[in-house]
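**Student:** Have a look at this one before I ask anything.
The values are calculated or read from the model by the stated rules, or taken from the named source; none is laboratory data. Please read these numbers as outputs of a predicted model, since none were measured by experiment. Cβ placement follows ideal geometry from the backbone for every residue including glycine, while neighbour counts extend to all protein chains displayed.
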Amino acid sequence: TIYLGAFVHSVALKELELQEKGAIGVDDNGVIAFVERDVQSIEDVREKHAAFKEADVVEVKDGFFFPGFIDTHTHAPQHPNTGLFGQTTLLSWLQTYTFPMESSLSSLPLARTVYTNFVSRTLSHGTTTCAYYATIHVPATNLLADICHSLGQRALIGRVCMTSSLSPPTYRDASESSALADSLASIQYIRTLDPSAILLHPIVTPRFAPSCTASTLSSLASLASSTHSHIQTHISENVSEVELVRELFPECTSYTHVYDTAGLLTPRTILAHAVHISPAERHIIRERGAKISHCPASNTALTSGCCAVREMLDEGMTVGLGTDVSGGFSPSILEECRQAIWVSRFRAMGGGDRVKISTEEALYLATRGGAAVCGFEEQVGGFEVGMLWDAQMVVLDVVDEERVGERGGFEGKGGVDVFGWETLGERVQKWVYSGDDRNTVAVWVRGRCVHRTGRFKG
Ligand code: GUN
Ligand code: FE
């Protein structure tokens, strides 16, 4: 297939490539075979690339192709709680909303409904790779893997481990040995479902330090190492949580030290939040090669704090974005871009312009940054020869028939109003601030179309 028309992608943290007349050739395995710029005609492209003489053409008009988004941290079982957090903060929120909801996902019919709905929804917002927490239940976790596989999303899927007595008796692993056996069972299931890891990757998931004993944390690090799995957990999200970790692990000097002692800080580790870590902790995390998932919507909703993203980027840490549903209220990484920009601007009001995150930087975190957080930077996140076609078609002037008012006016335009005079760069800015899933009219993972709306003509 040849994808014809404008394309936009990040080429550096602060730089987007804006190509008005592009043509990207994708082979039958979903691999990008060529990227042409300043294309005069489709015939020229076919001429130059003989293998594509008969290829289908998918053309974008009034928009552009953009790499699929990468969500480096979210919780599929918390989707039904979206928007429900009231006045709680992390520890009361977990007890009030989260643990009861997750516990109910032991029901497979309920899990099927929730997971099918959530995975479809993230795809509709252009998320082509997603790092999921499931629950402690093996059958429901495996079902989430089945659903990602059949809907065609690239995913990291983790069975959540919770062995400490702080977890509710009704939602807790029976013992450390059963937690390890259940985690291994889920890893093996995912590896059997997708033996070549085309789409699916298991990820070892200690929920966070307070929900696991020191011994469980070390055993899970060994499990990840022996099975060559990724690791994900939460770190230093909220002040009371940090205090609790200090009480639970008095022999450790910091939250980061707890995970480092256990051997959980590896180049395949995704740490969500990292709001209250010190410069010394950042140093250890960077030394170990572990990665950061920045979850600004969640950090604001649960009033956890403002993450020092500028400092992390300056120091060369690897950072991506996470929706953290349902601490976060949206399954959309485009929304998370806005939130990352917003939080940085609140920081700037007290601390100077230097900390502001630009639109270009937010889009980098949403694509290349997220890819690097998951260790997939050679495969996805940009449009380069040899990378995979994980992409979305963004169309700005979509008309939503049901929203055409009786008296006309805005004519039911979805998401973004464009007037024709904008440059491609301005269109991207408008999309970031006022776009939504109506503008993502088609989504591909590895060259396979996994979502399309009625506006997609291709
Ligand atoms: N810390 C431990 N569990 C969770 C969770 O489910 N969500 C968030 N945001 N933080 C956590
Ligand atoms: Fe989370």
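**Student:** Please find, within region 309-351, the residue that is farthest from ligand 2 (Cβ to nearest atom) out of those that are touching a Pro at 6+ places or on another chain (Cβ under 9 Å) and among the aliphatic types (A, V, I, L, M).
**Tutor:** ILE341
**Student:** Residues SER196, SER222, SER215, SER167: which one is out of contact with any strand residue (DSSP E or B) (no Cβ under 9 Å at 6 or more places or on another chain), modelled with pLDDT under 95 and either outside any loop (DSSP other than H, G, I, E, B) or not basic (Lys, Arg) (or both)?
**Tutor:** Within the list SER196, SER222, SER215, SER167, the selection yields SER167.
**Student:** Still on this structure, I have one more. Just for region 352-394: of the residues that are among the charged types (D, E, K, R) and in a loop (DSSP other than H, G, I, E, B), which one is surrounded by the most Cβ atoms within 10 Å (Cβ to Cβ)?
**Tutor:** The qualifying residue surrounded by the most Cβ atoms within 10 Å (Cβ to Cβ) is ASP390.
**Student:** Could I ask something else about it? Looking at this structure, is ARG282 over 14 Å from the mean Cα position of the chain (by Cα), more than 12 Å from ligand 1 (Cβ to nearest atom), surrounded by 18 or more Cβ atoms within 10 Å (Cβ to Cβ) and part of a helix (DSSP H, G or I)?
**Tutor:** Yes.
**Student:** Same structure again: Any residue at all in region 204-220 that is away from ligand 2 (no atom under 16 Å from the Cβ), without any contact (Cβ under 8 Å) to a residue 12 or more places away in the chain and at negative phi?
**Tutor:** Scanning region 204-220 turns up no residue that is away from ligand 2 (no atom under 16 Å from the Cβ), without any contact (Cβ under 8 Å) to a residue 12 or more places away in the chain and at negative phi.
**Student:** OK, next. Output the residues belonging to region 324-351 that are buried (at least 18 other Cβ atoms within 10 Å of the Cβ), in a helix (DSSP H, G or I) and among the small types (Gly, Ala, Ser).
**Tutor:** Within region 324-351, ALA340, SER344 meet the criteria.
**Student:** Scan (1) more than 16 Å from ligand 2 (Cβ to nearest atom); (2) within 20 Å of GLU237 (Cα to Cα); (3) touching a strand residue (DSSP E or B) at 6+ places or on another chain (Cβ under 9 Å) for the single condition GLY370 breaks and write down its number.
**Tutor:** In the conditions (1) more than 16 Å from ligand 2 (Cβ to nearest atom); (2) within 20 Å of GLU237 (Cα to Cα); (3) touching a strand residue (DSSP E or B) at 6+ places or on another chain (Cβ under 9 Å), GLY370 misses (1) alone.
**Student:** Touching a Cys at 6+ places or on another chain (Cβ under 8 Å), crowded, with 17+ Cβ neighbours inside 10 Å and part of a loop (DSSP other than H, G, I, E, B): is that true of VAL258 in this structure?
**Tutor:** no
**Student:** Still on this structure: Tally time: how many residues in region 285-330 are of a type in the set (A, V, I, L, M) and more than 16 Å from ligand 1 (Cβ to nearest atom)?
**Tutor:** Summing the residues that are of a type in the set (A, V, I, L, M) and more than 16 Å from ligand 1 (Cβ to nearest atom) in region 285-330 gives 8.
**Student:** In this structure, is THR163 under 20 Å from SER218 (Cα atoms), touching a residue at least 40 places away in the same chain (Cβ under 8 Å) and surrounded by 24 or more Cβ atoms within 10 Å (Cβ to Cβ)?
**Tutor:** In short, yes.
**Student:** Within the group SER240, SER229, SER219, SER225, which residue is of a type in the set (Ser, Thr, Tyr) and within 25 Å of LEU302 (Cα to Cα)?
**Tutor:** SER240
**Student:** For region 414-439, how many residues are among the hydrophobic types (A, V, I, L, M, F, W, C) and either within 18 Å of PHE69 (Cβ to Cβ) or assigned by TED's automatic domain parsing to the domain that holds LEU365 (or both)?
**Tutor:** Qualifying residue count for the region: 4.
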